[in-house]
Amino acid sequence: MAMTVPEIRKKLREADEKELAALERSLAADTRKGVAAALQVARRRVDAEKAERERLAALYAYERSLLGEGQGVIVGLDEVGRGPVAGPLAVGAVVLPDEPIIQGLNDSKQLSPEQREAIATEITSSAIAWAVELVEPSFIDANGMSAALKKGFSGALAQIEDAGVHADLVLVDGNPLYMDPREKNVVKGDAKCASIAAASIVAKVIRDALMCDLGRMYPGYDFEGNKGYGSPQHIEAIKKLGLSPVHRRSFCRSFMQESLF
């Protein structure tokens, strides 16, 4: 007796690529519209899963290729919070094993907060080493963003090596910082290298959580919502309340009041 359409849908939802190919052959003569539609849905799902596997494999393979013929330890680094008018700069550093491949790993900007938190948990539980270095607003104001970036990246790398993990290759997202002879910059590295993507996610999750904590300490600025970025509502709050101790004064000159929180 032929399977019903709901039974076929269930099988197709659970089928992997090999099983789907077999089902497509066995159902080729089935003229029911529901079966044809279910096959199309299943094929799109399997093709998307295959593309995602290939994307993830490329993230890992590309950074390994940067080592050349040799083997070694790769540290990926990325920063979060360069542009906000409040809160610290956060630099993440991650050393990933070749296995397991972390599902969903991507540039942190391409992920929802819920996805970032779930993936960050996977990263921190499976990483060989990881760290986040925070650079406070007072340092940014006193020394500028270039110095803050060097401090953050150098500090995150030092945390990794203080944990006993020696880096053979240091991958940095974006422009060169010239902070270490092992440094190699990768433009749009958070979309090309697994360890840089992982660093961006961990740094983003930790910084966002800190901004929520600061929002409770300094109410009125909506740090929980804006994460320190200069949204119109945030700027209006600064004009009304003045600056808090965690604002970057050098970033707020165009709209700040002289009084401090």
Among residues of segment 217-234 being touching a helix residue (DSSP H, G or I) at 6+ places or on another chain (Cβ under 8 Å) and not small (G, A, S), the residue farthest from A203 (Cα to Cα) is Q233
Condition set modelled with pLDDT under 95 and either within 13 Å of the chain's Cα centre (by Cα) or of a type in the set (D, E, K, R) (or both), scope segment 64-102, selection surrounded by the fewest Cβ atoms within 10 Å (Cβ to Cβ): answer is E69
Exception for S108 within (1) buried (at least 22 other Cβ atoms within 10 Å of the Cβ); (2) under 12 Å from the mean Cα position of the chain (by Cα); (3) over 16 Å from M145 (Cα atoms); (4) modelled with pLDDT of 95 or more falls at (4)
Qualifying residue in segment 115-135 (condition: surrounded by fewer than 13 Cβ atoms within 10 Å (Cβ to Cβ) and in contact with an Asp or Glu (Cβ under 9 Å, 6 or more places away or on another chain)) | no
For segment 151-181, the count of residues that are out of contact with any Gly (no Cβ under 6 Å at 6 or more places or on another chain), more than 16 Å from A127 (Cβ to Cβ) and not in a strand (DSSP E or B) equals 14
G152 fails exactly one of (1) within 30 Å of A237 (Cα to Cα); (2) touching a Lys or Arg at 6+ places or on another chain (Cβ under 9 Å), namely (2)
Checked segment 151-160 for anything crowded, with 17+ Cβ neighbours inside 10 Å and more than 20 Å from the chain's Cα centre (by Cα); matches are K151
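Out of G72, G83, G76, I need the residue that is outside any loop (DSSP other than H, G, I, E, B) and under 21 Å from M179 (Cβ atoms). Which one? Reasoning before the result, please.
Details: G72 fails: outside any loop (DSSP other than H, G, I, E, B); G83 fails: outside any loop (DSSP other than H, G, I, E, B).
Selected residue: G76, the only one of G72, G83, G76 that is outside any loop (DSSP other than H, G, I, E, B) and under 21 Å from M179 (Cβ atoms).
Here is a check on your reading of the model: is R32 under 26 Å from Q110 (Cα atoms), free of Cβ contacts under 8 Å to residues at least 60 places away in the same chain and not aromatic (F, W, Y)? Outline the logic, then answer.
Details: under 26 Å from Q110 (Cα atoms): no; free of Cβ contacts under 8 Å to residues at least 60 places away in the same chain: yes; not aromatic (F, W, Y): yes.
Spelling it out, it is not the case that R32 is under 26 Å from Q110 (Cα atoms), free of Cβ contacts under 8 Å to residues at least 60 places away in the same chain and not aromatic (F, W, Y).
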Reported set for segment 217-259 where residues are farther than 17 Å from P137 by Cβ, part of a helix (DSSP H, G or I) and more than 25 Å from the chain's Cα centre (by Cα) is P232, Q233, E236, K239, K240
Of the residues in segment 193-210, those that are farther than 20 Å from D98 by Cβ and of a type in the set (A, V, I, L, M) come to A203, V205, I206, A209, L210
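Filter segment 1-22 down to the residues that are in a loop (DSSP other than H, G, I, E, B) and surrounded by 14 or more Cβ atoms within 10 Å (Cβ to Cβ) and list them by number. Step through it out loud before you land on a result.
Keep residues of segment 1-22 that are in a loop (DSSP other than H, G, I, E, B), which gives 1-4, 15-16.
The answer is M3, A15.
Table: residues versus (1) in contact with a Ser or Thr (Cβ under 7 Å, 6 or more places away or on another chain); (2) in contact (Cβ under 8 Å) with a residue 60 or more places away in the chain.
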{"site": "V46", "(1), (2)": "no, no"}
{"site": "A51", "(1), (2)": "no, no"}
{"site": "A57", "(1), (2)": "no, no"}
{"site": "G68", "(1), (2)": "no, no"}
{"site": "G72", "(1), (2)": "no, yes"}
{"site": "G81", "(1), (2)": "no, yes"}
{"site": "R116", "(1), (2)": "yes, yes"}
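Does segment 119-135 hold any residues that are free of Cβ contacts under 8 Å to residues at least 60 places away in the same chain and either within 16 Å of A203 (Cβ to Cβ) or not in a helix (DSSP H, G or I) (or both), and which are they?
Here is the first cut: in segment 119-135, the ones free of Cβ contacts under 8 Å to residues at least 60 places away in the same chain are 121-122, 125-126, 128-129, 131, 133, 135.
T121, E122, I128, A129, A131, E133, V135 - these are the residues of segment 119-135 that are free of Cβ contacts under 8 Å to residues at least 60 places away in the same chain and either within 16 Å of A203 (Cβ to Cβ) or not in a helix (DSSP H, G or I) (or both).
The values are calculated or read from the model by the stated rules, or taken from the named source; none is laboratory data. Since we're looking at a predicted model, the values are computed, not measured. Positions of Cβ are backbone-derived with ideal geometry, glycine not excepted, and every protein chain shown enters the neighbour counts.
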